[in-house]
Structures are given as C-alpha cells and as structure tokens.
Amino acid sequence: MARIGILTGGGDCPGLNAVIRAATRRSLQRGHEVVGVRDGWRGMVEGLFVPLGPREISGILPRGGTIIGTTRTNPYKVEGGVEKVLSRFGGDGGGLDALIAIGGEDTLGVAARLYRENGTPVVGVPKTIDNDLSGTDYTFGFDTAVSIATEAIDRLHTTAESHNRVMVVEVMGRHAGWIAVHSGIAGGADVILIPEQPITVEDTGRLLQKRHAGGKSFSIVVVSEGYELTWESGEHQAVAGEARATDQFGHVVLGGVGDALAREVERLTGYETRVTVLGHVQRGGTPTARDRVLATRYGLKAADLVESGSFGRMAALHGDAIVDISLDEATAELKTVPPEWYDVAKAFFG
Ligand code: F6P
C-alpha cells in the first residue's frame, strides 16, 4: 500500500475536482491511501494534509474550483521551502510515496525541477484555462472557459447591434491568445487581438471602419488580457499596472487592456465603444462535459503513472489518446497560438 498525495496549484480551473475524483478512485481501488495536500505547494511546505476517501470525493465531479484549495506558492521562493517539501516523502512518519501535482507551467515547473534535481516521486496533470502548456493538445478547463466566453460574445452581439456600438470583450490569456482565438472564432468576432500577433490599434480601427463602410453599424472586438497595445509608430504599452504586486512566480496581475483599447478605438473611429471584462467568470462554475471527460481521463492516467513508478511524467492528450510525456518537455516552453490558427480567425476580420 502506498500513500499518495494530490495537490492543485496556480489559478483554479473547472475540472480540478474531476481529476481529484478519478485519481483517488483508481488509487483507492488499488488499496492505496490518498491524501489531499491543501493549497498547492504551500501544503507541501507546511505539511497540510487532509484524507481523501470515498466520502470526500463523492459528488464532486461537476463541481467547479478545487476541494483541496490552491495558491501560487513557490517552494523555491520560500526559505527552506524545498527541504520542507522533500521532508514530506518517505520515512517512518507517514510520509508520501508519490505526489500527483495538478497545475500549469508554474506548478508543474516546480514538479519538474523537484524530479530533475532530487528524484522526487511526482507526476503531473496539465491544467490551465489558458491552454498554453506544451506537449499536450489541450489542457482541461480550456473548453469551459471558451464556452463561457463564447456565450458572452453571443449575448454582447445583440446589445451591440441594438445600440450601434463596438463591444470590446477582454478575455483571459496571460501569455497566449488561445481563449481569445477560439471564443472569437466561435462567437464571430470582427477583430481578435492576442499577445502573439499584436496588430496595431490603427489597423484595428481601419478593420472596423471597413466593416462599417460595408453596411454594419456594430462590431465585436475580442482581446486577450496579455495583448500589448501597439501603435504604428512602434510604441507599445503593456496595460498591467507596473506598480501592481507580482506573485511568487513573478507574474503581474493583468487586466485593463480592454479599457485602454476601447479608448483608442473611440479616438480613431469615433464609434461609441463599451467594454466587458470577463475575468474570473471564465474560471468559475461547473466544467463542460468535454472537460469533465478529459479531466477524468487525466486523473486515471496520473494514478496509473504512479502505479507503474513512471515519475517525472505528465498525462497528455495527443489526438484522441491519453499518453505521457516528461515534465521537462511539458514545461520547457509555452505553447502559443501558431500563425495558422490566427489565420482562421483573420479570415473573418473587418
Ligand atoms: O493562468 C490562468 C489565469 O487564469 C490567467 O489567464 C490569468 O492572468 C491569471 O490566471 C489570473 O490569476 P489570479 O487568479 O491570480 O487573478
């Protein structure tokens, strides 16, 4: 019998509980003990463990958030943090035999380093609504975020049309524009602005003018929170307030690009413009059926990786198959939106 820990780190994401349920169910069936590590890596640093049994995981499949909590704690930034994490494994004190870390680039970056430098028995599950982890076709949570953003765009269409307005919709996506591109395509956006392909505010204005010259009197612009306002002069401006605090992984709190963009659109075109920032609504609530299924498959795979002692690996989706890849490969670089994906979106601009 092994003692298996499960932690969820970074921003929460619809489907986390479905992974916890699946990994726990399969591990309990094999006769193992499962514990939830509270609040991401903080729980490993501070030894915050809670039992996960049939009762704890009952009914959690459709529930948003994470029943074991999450933080952006980075043990490499906490004094003595790594030593404390390592001390939670093995020994006679009921230490862990294995850890399932469910997270994005930061959480899994820590897992990859712990495995690389210390041989820590850890496996990963790819989570982020941003869908920017390498080595997997999709992360769970992304489909839910895209569905929520698409529904919002659909709703904004009718009010935009009634008032002859431009609606700017700011969606999440710190480094990658996956949510913007997918929801923008699904919702029929007229311009989509993402960090990877920063088209200028002047071009944005011209695209809207072209559309209005063609007889339309309203438009929808979708912008990723990580897009930098860019002007033809070469000037550009990241809109996250520089004065704002960063987390332990060095990320600033984003938000506000939609407002800045709307002001520029109004200045350049004279069209009345309104802004909607979807924010954490995209991460809250129940996961879509697709995310529940993907999260469940990932959870089972993580339990299997632990069973076979395949540490330093992460569950991944390749086509329709769940496979495993190394945590190093998954966290080496971010998966950004390639030009061919943006071309699909661009076909409908203006
Ligand atoms: O990484 C996922 C994400 O949702 C990003 O898109 C966003 O910038 C960030 O988390 C927001 O984080 P927080 O919950 O700390 O505000």
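If you take the residues in segment 320-343 that are among the β-branched types (V, I, T) and in contact with a helix residue (DSSP H, G or I) (Cβ under 7 Å, 6 or more places away or on another chain), which one is least open to solvent (accessible area, probe 1.4 Å)?
Filtering segment 320-343 down to residues among the β-branched types (V, I, T) leaves 322-323, 325, 331, 336-337.
From the residues that got through so far, the ones that are in contact with a helix residue (DSSP H, G or I) (Cβ under 7 Å, 6 or more places away or on another chain) too are 322, 331, 337.
Values: I322: 34, T331: 40, V337: 6 Å².
Taking the candidates together, the pick is V337.
What's the number of the condition G234 fails, among (1) without any contact (Cβ under 8 Å) to a residue 24 or more places away in the chain; (2) within 17 Å of the chain's Cα centre (by Cα)?
Single failed check for G234: (2).
Anything in segment 9-28 that is more than 13 Å from the ligand (Cβ to nearest atom) and either within 23 Å of the chain's Cα centre (by Cα) or open to solvent by 10 Å² or more (accessible area, probe 1.4 Å) (or both)? List them, or say none. Explain how you work it out, then say what you get.
Pass one, segment 9-28, residues more than 13 Å from the ligand (Cβ to nearest atom): 15, 17-28.
Answer for segment 9-28, where residues must be more than 13 Å from the ligand (Cβ to nearest atom) and either within 23 Å of the chain's Cα centre (by Cα) or open to solvent by 10 Å² or more (accessible area, probe 1.4 Å) (or both): G15, N17, A18, V19, I20, R21, A22, A23, T24, R25, R26, L28.
Is it the case that some residue within segment 97-113 is more than 15 Å from the ligand (Cβ to nearest atom) and of a type in the set (S, T, Y)?
No, that holds for no residue.
Tell me which residues, restricted to segment 29-45, are within 16 Å of the ligand (Cβ to nearest atom), part of a helix (DSSP H, G or I) and open to solvent by less than 30 Å² (accessible area, probe 1.4 Å).
Residues of segment 29-45 that are within 16 Å of the ligand (Cβ to nearest atom), as a first pass: 39-42.
Next, only the ones that are part of a helix (DSSP H, G or I) stay: 41-42.
If the condition is that a residue be within 16 Å of the ligand (Cβ to nearest atom), part of a helix (DSSP H, G or I) and open to solvent by less than 30 Å² (accessible area, probe 1.4 Å), then W41 is the only one that fits.
Which residue out of A189, A152 is open to solvent by less than 10 Å² (accessible area, probe 1.4 Å), farther than 30 Å from A112 by Cα and modelled with pLDDT of 95 or more?
Answer to the check: A189.
Table: residues versus (1) assigned to a helix (DSSP H, G or I); (2) surrounded by fewer than 21 Cβ atoms within 10 Å (Cβ to Cβ); (3) more than 15 Å from the ligand (Cβ to nearest atom).
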| position | (1), (2), (3) |
| --- | --- |
| V239 | no, yes, no |
| G250 | no, yes, no |
| D259 | yes, yes, yes |
| V265 | yes, no, yes |
| L268 | yes, yes, yes |
| D291 | yes, no, no |
| A295 | yes, no, yes |
| S310 | no, yes, yes |
| L317 | no, yes, yes |
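The values are calculated or read from the model by the stated rules, or taken from the named source; none is laboratory data. Treat the numbers as computed from the prediction; the structure is a model and nothing was measured. So basically every Cβ, Gly included, is an ideal-geometry build from the backbone, and we count neighbours across all protein chains shown. Please note that ligands, DNA and RNA were not included when accessible areas were found on the heavy atoms of the full protein model with its side chains. Shrake-Rupley method; radii C 1.70, N 1.55, O 1.52, S 1.80 Å.
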